[in-house]
Amino acid sequence: MGSLGAILKHPDEFYPLLKLKMAVKEAEKQIPQELHWGFCYSMLHKVSRSFALVIQQLGTELRNAVCVFYLVLRALDTVEDDTSIATDVKLPILKAFHQHIYDRDWHFSCGTKHYKVLMDEFHNVSTAFLELDRGYQEAIEDITKRMGAGMAKFICNEVETVADYDEYCHYVAGLVGLGLSKLFHNSGLEDLASDSLSNSMGLFLQKTNIIRDYLEDINEIPKCRMFWPREIWSKYVDKLEELKYKENSEKAVQCLNEMVTNALLHVEDCLVYMSALRANSIFRFCAIPQIMAIGTLALCYNNVQVFRGVVKMRRGLTAIVIDQTNTMADVYGAFFDFACMLKPKIDKRDPNATKTLSRIDAIQKICRDSGTLNKRKLYVVKNKSVFSPIMMFVIFIILAIILARVSSTRQSAY
């Protein structure tokens with residue numbers, strides 16, 4: 001539920017953390033009884049607990065479609081990511097994946113851990129897919145076909161230019177945005193969003209992941225696959241892996257800052273997309289990951305730790321975002337707060353400082369001009385704790401009781 005040290009430092013995160021833990025347990029209890037649907041939702045919890053939680057915001061019909069959509073694309077991604085598969089084997093699978101989802105008997109062994117189980121028992125996903133309404137099926141098939149073709153293209157081509165980077169991110173994430181917009185529209189709950197706005201929703205998330213996951217990706221075995229564009233990193237080092245060496249720390253951080261600045265280009269489109277959503281369930285489903293992304297970028301910016309280990313939002317802050325993101329005012333507030341968090345980290349000596357500052361100023365202006373900052377419930381940056389010493393004492397008494405009950409339950413199980 002979060003380390004004791006983190007709770008001591010941020011006591012106002014305790015209650016949201018407790019609610020998050022309870023929500024996770026409740027979501028796990030709601031796994032359907034049917035074998036194939038049970039597999040799909042169980043697998044969703046294993047490959048992405050955060051996504052499994054936000055998907056609970058949706059109504060049953062749309063939730064099922066989004067669950068299957070996610071697992072189909074996760075399976076496609078597993079084939080693309082498995083560097084042990086020979087290219088001449090991988091390419092036909094990527095290009096024909098949209099046909100395999102109609103075949104209850106198809107499976108392909110690849111990947112590791114939970115992803116291997118997903119691929120070995122993919123027939124469960126196909127069975128669930130075939131039970132969806134035809135409109136959902138057509139949207140999923142179309143996006144899977146386009147994504148598989150795009151992935152196949154970049155198996156054979158490196159990401160050289162920023163245009164290549166945008167194109168790759170479009171294939172693996174922008175198309176997810178387009179697909180989700182189609183699913184939302186098919187549900188009858190939303191108007192069909194433009195392709196450009198939908199694409200930006202995906203690109204903002206994907207670029208954040210690519211930035212955050214540098215070290216994990218560069219150290220991948222048997223061989224790494226990287227998507228930082230040469231047009232950017234070649235300004236700072238001769239080889240991309242040199243960014244992780246301590247002697248190159250200054251250049252690495254400057255390269256990182258340019259990558260973050262590039263990702264911030266998509267913020268305005270994302271805010272426009274979310275402001276047009278009508279259904280609160282879909283709004284929360286879309287907004288929570290976007291706030292997590294801007295928060296992650298604020299943490300990564302000018303942070304050499306990206307090249308040393310894992311940089312991510314602490315669990316307590318994540319719990320607050322999930323608990324308190326309910327309106328567009330909350331989204332504007334969170335983006336404004338994280339922009340304020342990033343702004344003081346901009347070093348005037350950084351080669352891209354002027355450009356970064358310009359983008360942060362633009363984000364802050366959009367949020368201020370919304371006129372909603374004083375109406376929000378979500379505050380991700382607080383000047384002081386809202387908890388008194390007495391309240392903190394009560395919190396720790398409750399925490400002690402919970403830990404004692406958990407310990408007692410475990411002992412009785414043996």
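Within segment 205-225, which residues are under 19 Å from G174 (Cβ atoms) and either modelled with pLDDT under 95 or open to solvent by 30 Å² or more (accessible area, probe 1.4 Å) (or both)?
Listed by number, the residues that qualify are L205, Q206, N209, R212, D213, R225.
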Filter result (open to solvent by less than 30 Å² (accessible area, probe 1.4 Å) and of a type outside the set (S, T, Y)) within segment 323-335: A329, D330, V331, G333, A334, F335
For segment 389-401, check the following and say yes or no: at least one residue is open to solvent by 90 Å² or more (accessible area, probe 1.4 Å), outside any loop (DSSP other than H, G, I, E, B), at pLDDT 65 or above and in contact with a helix residue (DSSP H, G or I) (Cβ under 8 Å, 6 or more places away or on another chain). no
Look at G371 and say whether it is on the phi > 0 side of the Ramachandran plot and not hydrophobic (A, V, I, L, M, F, W, C). yes
Tell me, yes or no, whether segment 251-262 has at least one residue that is open to solvent by 80 Å² or more (accessible area, probe 1.4 Å), out of contact with any strand residue (DSSP E or B) (no Cβ under 8 Å at 6 or more places or on another chain) and of a type outside the set (A, V, I, L, M). yes
Could you list all residues from segment 51-83 that are of a type in the set (S, T, N, Q) and modelled with pLDDT of 95 or more? N64, T78
The correct count of residues that are open to solvent by 20 Å² or more (accessible area, probe 1.4 Å) and touching a residue at least 12 places away in the same chain (Cβ under 8 Å) in segment 336-351 is 8
Taking segment 299-355 and the residues there that are part of a loop (DSSP other than H, G, I, E, B) and of a type in the set (V, I, T), the one that is farthest from I282 (Cα to Cα) would be I346
Would you be able to say whether some residue in segment 184-204 is open to solvent by 30 Å² or more (accessible area, probe 1.4 Å), in contact with a Pro (Cβ under 6 Å, 6 or more places away or on another chain) and under 22 Å from E268 (Cβ atoms)? no
State whether the residues of segment 240-247 include one that is farther than 21 Å from D361 by Cβ, without any contact (Cβ under 8 Å) to a residue 40 or more places away in the chain, open to solvent by 10 Å² or more (accessible area, probe 1.4 Å) and among the basic types (K, R). yes
Quick one: how many residues across segment 271-322 are more than 13 Å from the chain's Cα centre (by Cα), among the charged types (D, E, K, R) and open to solvent by 50 Å² or more (accessible area, probe 1.4 Å)? 4
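Among the listed residues D238, D166, identify the single one that is farther than 22 Å from T87 by Cβ and outside any helix (DSSP H, G or I). Before you say what the answer is, go through the steps one by one.
Working: D166 fails: outside any helix (DSSP H, G or I).
Among D238, D166, only D238 is farther than 22 Å from T87 by Cβ and outside any helix (DSSP H, G or I).
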Which of the helices (runs of 4 or more DSSP H) contained wholly in segment 83-162 include at least 1 residues that are touching a residue at least 24 places away in the same chain (Cβ under 8 Å), open to solvent by 20 Å² or more (accessible area, probe 1.4 Å) and aromatic (F, W, Y)? 113-120
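The values are calculated or read from the model by the stated rules, or taken from the named source; none is laboratory data. Worth saying up front: this structure is predicted, and the values here are computed from it rather than measured. Note that each Cβ is placed from the backbone with ideal geometry, even for glycine, and that neighbours are counted across all protein chains shown. These area figures cover heavy atoms from the full protein model, side chains too; ligands, DNA and RNA do not enter into them. Shrake-Rupley method; radii C 1.70, N 1.55, O 1.52, S 1.80 Å.
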